[in-house]
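One structure is given below, encoded as structure tokens.
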Amino acid sequence: MRAQEVAYRFSLLVCGHPQDAEDVMQDALMKTYQHVRELNDPEAFRTWLYTTVRNACQMKRRRRVGEPSAFVSIDERASPRSFDVADSAKAADQQLLDASIDSRLQQALGALPPAYRMIVVLREVEGLSTREVSVITGISEANVKTRLHRARTMLRRQLEDL
């Protein structure tokens, strides 16, 4: 699988929104391209890419704190005008993702706190080892196992309710 596909899939699952995922993927791939020569061990590329995407997701989240959900122009309130509405159809890559992951599971994953969701996605969806998840997230392997157990418990409860 190409780095772009891996970065987009992971950023979509961590960030939750397709637009954010695209922005994050582009940021992460730019940083990866700029610093790839610094990577000594080619085997570590995958872990490094996930770490870059995770950091980009966190930066995106930090930038959005306090940002209004939508902007309304003062002029638009005074005189209503017609405007184009975005196509409500899902993007092709989102449809592919929906086909591969049950919608109930997506909903349950979306309800998890971001730190837990990231652990589950890296471990269960991306198939990384506990050690790789530990390196990517910057937490101990024991903490990865604890968070994974708690996340699975939360998912189990949420899936029972759905």
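Only the coordinates and a few stated rules stand behind these numbers; no lab work does. This is a predicted model, so every value here is computed, not measured. When we count neighbours, we look across all protein chains shown, and the Cβ atoms used for this are built from the backbone with ideal geometry, even at glycine.
A few comments on the model shown:
- Subset of the range 17-52 that is among the polar types (S, T, N, Q) and in a helix (DSSP H, G or I) - its residue that is farthest from the chain's Cα centre (by Cα): Gln34
- Any chance Val14 is in contact (Cβ under 8 Å) with a residue 60 or more places away in the chain and assigned to a helix (DSSP H, G or I): yes
- Members of the range 23-42 that are closer than 13 Å to Gln4 by Cβ and not hydrophobic (A, V, I, L, M, F, W, C): Gln26, Asp27, Thr32, Tyr33
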